[in-house]
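First the structure, in the form of structure tokens, and then the observations on it.
The values are calculated or read from the model by the stated rules, or taken from the named source; none is laboratory data. All values reported here derive from a predicted model rather than from experimental measurement. With ideal geometry, Cβ positions are generated from the backbone for all residues, glycine too; neighbour counts draw on all protein chains shown.
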Amino acid sequence: MNLYELIQQIPEFIRETLLKQQKVQQKISSAKMVGRFHLGLNYDMLIWLQNSQCRVFPCQQELEVTVKVKDKTTGQMQKRVKKNMVDIYLVVTETVLLMLKTDTKIKNVAKLLAWASLPALEKIKHSLEANDQITLQWRPTAEGRKPWVVNVLMN
């Protein structure tokens, strides 16, 4: 192939490259976006239940609360850890896990408690003692924080 033939093939190469880019852009634009959400706000669960690219899992999260209790024998205040089960939803999309707390007063409404990127997920553990207990652990962040760990009981 000489220089003249090479130069004649440039327009065909540009056309093929543009067609490939257009196909990629069509795939990106055709993907349904989950949306833009803010922590602490209430959301209608139908947003995720009606989206075919999301899965919603009703769960319970075990929360540990430190409570100060007065000791009956000594009269001194002592700290005790109390465990509560909270009803939550885990919403899994292609790239994100959302954790929402159910609202006890309004049906199909939940408050966004947390979210995490699925590519940053490090481990998923299944408890051998409790059949439906799952532990999700994310990688530590660059800032040196401890990894986020979520223990949930699947319903």
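Being β-branched (Val, Ile, Thr), out of contact with any Phe, Trp or Tyr (no Cβ under 6 Å at 6 or more places or on another chain) and at pLDDT below 85 narrows it down to one of Thr93, Thr135, Thr74, Thr102, so name that one.
Answer to the check: Thr74.
Could you grab me the full set of residues in the range 137-155 that are surrounded by fewer than 16 Cβ atoms within 10 Å (Cβ to Cβ) and hydrophobic (A, V, I, L, M, F, W, C)?
Of everything in the range 137-155, those that are surrounded by fewer than 16 Cβ atoms within 10 Å (Cβ to Cβ) and hydrophobic (A, V, I, L, M, F, W, C) turn out to be Ala142, Val149, Met154.
If a residue has to be loosely packed, with under 13 Cβ neighbours inside 10 Å and either in a strand (DSSP E or B) or in contact with a Gly (Cβ under 8 Å, 6 or more places away or on another chain) (or both) to count, how many in the range 59-85 make the cut?
17
Among the residues of the range 5-19, are any out of contact with any Leu (no Cβ under 6 Å at 6 or more places or on another chain), surrounded by 10 or more Cβ atoms within 10 Å (Cβ to Cβ) and not in a helix (DSSP H, G or I)?
Looking through the range 5-19, at least one residue is out of contact with any Leu (no Cβ under 6 Å at 6 or more places or on another chain), surrounded by 10 or more Cβ atoms within 10 Å (Cβ to Cβ) and not in a helix (DSSP H, G or I).
Quick check on this structure: which one of Leu153, Leu98 is touching a residue at least 12 places away in the same chain (Cβ under 8 Å), part of a strand (DSSP E or B) and either under 17 Å from Leu39 (Cα atoms) or aromatic (Phe, Trp, Tyr) (or both)?
Leu98
Anything in the range 106-150 that is part of a loop (DSSP other than H, G, I, E, B), touching a residue at least 12 places away in the same chain (Cβ under 8 Å) and acidic (Asp, Glu)? List them, or say none.
Asp132
Which ones in the range 98-155 are among the hydrophobic types (A, V, I, L, M, F, W, C) and more than 15 Å from the chain's Cα centre (by Cα)?
Residues satisfying the conditions are Ile106, Val109, Leu128, Ala130, Ala142, Leu153, Met154.
Of a type in the set (A, V, I, L, M), within 27 Å of Phe37 (Cβ to Cβ) and surrounded by fewer than 12 Cβ atoms within 10 Å (Cβ to Cβ): which single residue out of Ile124, Ile88, Ile134 fits that description?
Ile124
For the range 28-37, check the following and say yes or no: at least one residue is within 15 Å of the chain's Cα centre (by Cα) and either at pLDDT 85 or above or among the small types (Gly, Ala, Ser) (or both).
Checked against the condition, which is being within 15 Å of the chain's Cα centre (by Cα) and either at pLDDT 85 or above or among the small types (Gly, Ala, Ser) (or both), the range 28-37 yields at least one hit.
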